[in-house]
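Below: one structure, written as structure tokens.
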Amino acid sequence: MIRTTIRGIRVASLTLAGYWLMLFIATHLPKVPMPHVTNSDKYIHFAAFAGLAFLLAWSIPTIPNKRWVNVVLALAIAIIYGAVDEISQTPVGRTADIMDWAADSAGAVFGVVCYVILRQIIVTLGKAQPASPPMTLEAPLA
């Protein structure tokens, strides 16, 4: 059986907290001189926010009969955070770039789509498992 908590805290929430902290630190370090490669950082933005949105969707509990609420909420949080992240980088010598935010947003969409697909695969596989026979306390007939 897969362990879903550590000392009562959901593994999804712990993973999200660590990832988000590392993402914040990485995006708020002062800019260092690097060779210029056109649009190379857009792939990094895309991947970083795909991971963030996936972990957000996994961390937000699914409400019975409203299973899309966590996905929409995760997407909204990731996109809003992408904008806040871009704006809050200016004090450390970085620039706020609308194209970076576009890459963040596209990555967030990709991340929640991956989450939805993976969740559906897991649910489908869970339903396909053969049910174990019911346990009985009676002795088998000889």
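Which residue, of ASP85, ASP104, ASP100, is modelled with pLDDT of 95 or more and assigned to a helix (DSSP H, G or I)? Within the list ASP85, ASP104, ASP100, the selection yields ASP104.
Given the criteria at pLDDT below 95 and in contact with a strand residue (DSSP E or B) (Cβ under 8 Å, 6 or more places away or on another chain), does VAL69 qualify? The answer is yes for VAL69.
For segment 44-56, name all the residues that are within 11 Å of the chain's Cα centre (by Cα) and either buried (at least 16 other Cβ atoms within 10 Å of the Cβ) or free of Cβ contacts under 8 Å to residues at least 12 places away in the same chain (or both).
So in segment 44-56, the residues within 11 Å of the chain's Cα centre (by Cα) come out as 47-56.
Residues satisfying the conditions are ALA48, PHE49, ALA50, GLY51, LEU52, ALA53, PHE54, LEU55, LEU56.
Restricting attention to segment 57-73, which residues are touching a residue at least 12 places away in the same chain (Cβ under 8 Å), out of contact with any Gly (no Cβ under 8 Å at 6 or more places or on another chain) and assigned to a helix (DSSP H, G or I)? Walk me through how you get there before you give the answer.
Start the filter on segment 57-73 by keeping residues that are touching a residue at least 12 places away in the same chain (Cβ under 8 Å), which leaves 57-60, 70-71, 73.
Subsequent filtering for residues that are out of contact with any Gly (no Cβ under 8 Å at 6 or more places or on another chain) retains 58-60, 70-71, 73.
Hits for segment 57-73 are TRP58, SER59, ASN70, VAL71, LEU73.
The values are calculated or read from the model by the stated rules, or taken from the named source; none is laboratory data. It should be emphasised that the depicted structure is a prediction, and the values quoted were computed from it without experimental measurement. Because the Cβ atoms are built from the backbone with ideal geometry, glycine has one as well, and the counts that use them run over all protein chains shown.
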